[in-house]
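Below is one structure, written out as C-alpha cells; the observations come after it.
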Amino acid sequence: MSTETDTEHETLDAFIARHKIAAIARQRRKRPGKAEMERWGGGSRHWQVRLSADGDPYPETIWFSQGSAHTQEPTAAAVLDCLASDASAYENARDFGDFAAEIGYDEDSRKAERIYTECGKTLENLRTWLGDDEADRLMFGTERL
C-alpha cells in the first residue's frame, strides 16, 4: 500500500507540463459492451482518449465517459485526475472487501467486483505508461481537481 510522499504536492497542470502530456479525445456514440453501457444514462458522452507524453513511443488510449452535466471535451487534467483517483483507490485497498467498503458497495456485488478489477487494470496501465515513481507521484503527490 502506498502512502503520500514527503515532498510538496505538485499541481496536476504542472505534472502534465513536466511530462508534456497531451490528450486527443474522439467522441463515440457508445462504449463497447452491454454491461458498460448499462452504467451510463441518457445524455452521457463517451470518448476514446489518446494520452501521450513527451518521448513516449507508446501512447495510452482509454475509454472515458462523462455524465450529461459535462458538456465539454475531456481535458488531459480531467482524464488523469480520474485515472489517478481510480488507481489510488485500488492501491490503498488491502483487498476487495476493503475496496468495496470504501466505495460503499456490498462485497457480494458483481458490479463492485468489476469496478475493482478495472481500477487494478488502471493502476497497472499507469505504472507501465509512466513508470512506478511517476505513477505514484500522480496518485499521491499531485493536487486533485
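The values are calculated or read from the model by the stated rules, or taken from the named source; none is laboratory data. All values reported here derive from a predicted model rather than from experimental measurement. Ideal geometry is used to build each Cβ from the backbone, glycine not excepted, and the neighbour counts take in all protein chains shown.
Points to keep in mind about this one:
- Taking the criterion of being free of Cβ contacts under 8 Å to residues at least 60 places away in the same chain and charged (D, E, K, R), the residues of region 89-110 that qualify are 95, 98, 102, 106, 107, 108, 110.
- Members of region 83-138 that are aliphatic (A, V, I, L, M), assigned to a helix (DSSP H, G or I) and over 12 Å from the mean Cα position of the chain (by Cα): 100, 101, 103, 112, 130
- Test: residue in region 109-124 that is surrounded by 15 or more Cβ atoms within 10 Å (Cβ to Cβ), modelled with pLDDT of 95 or more and farther than 29 Å from residue 30 by Cβ: no
- Residue match in region 83-92 (condition: modelled with pLDDT of 95 or more and farther than 16 Å from residue 136 by Cβ): no
- Some residue of region 66-88 being touching an Asp or Glu at 6+ places or on another chain (Cβ under 8 Å), over 24 Å from residue 25 (Cβ atoms) and free of Cβ contacts under 8 Å to residues at least 40 places away in the same chain: no
- Test: residue in region 34-57 that is of a type in the set (A, V, I, L, M), outside any helix (DSSP H, G or I), modelled with pLDDT under 90 and more than 14 Å from residue 21 (Cα to Cα): no
- Any chance residue 131 is of a type in the set (Gly, Ala, Ser), surrounded by fewer than 14 Cβ atoms within 10 Å (Cβ to Cβ) and under 24 Å from residue 55 (Cβ atoms): yes
- Residue match in region 25-33 (condition: modelled with pLDDT of 85 or more, surrounded by fewer than 13 Cβ atoms within 10 Å (Cβ to Cβ), outside any helix (DSSP H, G or I) and under 18 Å from the mean Cα position of the chain (by Cα)): yes
- Residue within region 25-33 that is touching a Gly at 6+ places or on another chain (Cβ under 9 Å) and among the charged types (D, E, K, R) present: no
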